[in-house]
Amino acid sequence: MKRIYGLIFAAAVMALTAACNRETDNLITGSGTLEATEVLVSSKAAGTVLDMLVTEGDILAAGQTIAVVDSEKTDLQKTQLLAGLRELRLNRLSAQRTAALAREQYDNADKKRQRLSALLAEGSATQQQVDDVELAVKAARTQQENALTLIASLDAREAQLRAQLDLIASQLRDCRVTAPIAATVIDKYLERGEIARPGGPVVNLADLRTLYIKIYLHETDLARIRLNGAAELRITAYPDKVFPGRIAQIANKAEFTPKNVQTREARADLVYAVKIVVENPEGILKIGMPADVTLPQ
C-alpha cells in the first residue's frame, strides 16, 4: 500500500513539475539596467553665474529658471539702442516738419508762378520775375523731396534698430538658463560666481517619471511578442513588487554576437533589442538599477 501511495505521489509531483515547466516555457525573460531620458542643459551666454537656483535632486517644471548669467554688457547695449531709437524719432519729427514747410513753400511758389505767367502774357511782368519764381518752385520741390527721403532713411534705420533690439532681447533670454523639459536635476556643473561659457554644461536633467530598459531576444522569440504588449519588471530592492511595463520598441535590425557571423549555427546568436517603458510615479525606480523583465504570453 505504501508503495502505491509513493507511486501516486511521485506521479503528482512529476505532473506539477511539467505544468510549471510549460508555464515557464511560455514566458520570455531578460535582464538589463534601467535608464532615463537625459538632457544636458548648456549655457548659450558667456559670463559670470550670478545665481544658481537649483541643486541636485530638485524636480523642475518645463521652463523653470536654472541659472542666471551676468548680462551687464548686453543691458548697456540695449540702453544705447533705446537712446538711438529716441533720437531717431526726434529726427523724424524734424524731417516731417521740414517736409510740411517745403510743401507750403512749393504751393505758394507755384501759385505765384501762375500769376506771373499770366501777367507776363499781358506784359505786366518781366521774364526775370517768372524765372525767379520758377527757381523758387524747384527749390521748394527739392527741399520737400529731400525731407521725404530723410524720413524714408529714418524708417529704414528704425527697422535696423528694432532688429538689433530683438537680437538683444534674445541675448538677454539666453542669460537665463531654463529647463527644456519637466525633469529632475541629477548633476550640476556650475556654482554661483563661476564662469559660464557658450555651449558649456550647466546641469544634467533626467525625466524620472518614465524609465526604460532594454533586453535582447533571439529571433525565435520575436513572433511571441508585439509592440505595446505588456511587460513585468522586478528589482532586488522590492522582490515581491511587480512594476508593469510596456513594449515600446522592437529593433528592426539584429545585433550579432560575435559581430562576424558566418555559419548557420552561429546565426542563432543573433539578438534584437527590445525597449520596455515603465512608469515611475512613486520614484522607486532609479537610473542604473538592474531589473529582470518578464514578457507574459
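Computed from the coordinates by the stated procedures, all read-outs in this text should not be read as laboratory data. Everything numeric here is computed off the predicted structure, so don't read it as measured data. Cβ sites come from the backbone with ideal geometry, for glycine too, and all protein chains shown count toward neighbours.
Here are the numbers for the structure shown:
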| item | result |
| --- | --- |
| FRET efficiency, 1/(1 + (r/R0)^6) with R0 22 Å, evaluated for THR149 and ASN108 via beta carbons | 0.50 |
| Computed helical MRE - 222 nm, the chain, DSSP H runs ≥ 4 contributing -39500 (n - 2.57), nearest 500 | -15500 deg cm²/dmol |
| Tail beyond 16 Å, pair distance distribution of the stretch 72-174 (Cα, percent) | 67 |
| Ranking of VAL54, VAL277 by count of other Cβ atoms within 10 Å, fewest first | VAL277, VAL54 |
| For the chain, alpha-carbon Rg relative to the globular expectation (2.2 N^0.38 Å, N residues) | 2.13 |
| Cα-based reach from LYS111 at 15 Å (exclusive), listing aspartates and glutamates while leaving out same-chain residues under 8 positions away | ASP131, ASP132, GLU134 |
| Cβ-placed point charges (K, R +1; D, E -1), dipole of the chain about Cα centre in debye, nearest 20 | 500 |
| Projected-area mean, the stretch 119-241, by convex hull of Cα positions, square nanometres | 22.8 |
| By average C-beta atoms within 10 angstrom, highest first, the peptides 31-44, 122-135 | 31-44, 122-135 |
| Helix runs (DSSP H) in the chain reaching 30 Å along axis by Cα, Kyte-Doolittle at least 0.0 | 2-25 |
| Of the trypsin sites (Lys or Arg not before Pro) in the stretch 150-240, those whose Cβ has at most 12 other Cβ within 10 Å and which sit in DSSP loop | ARG192, ARG226 |
| Under 22 Å from the Cα of LYS214 - lysines, other chains or at least 8 residues apart | LYS241, LYS253, LYS259, LYS275, LYS286 |
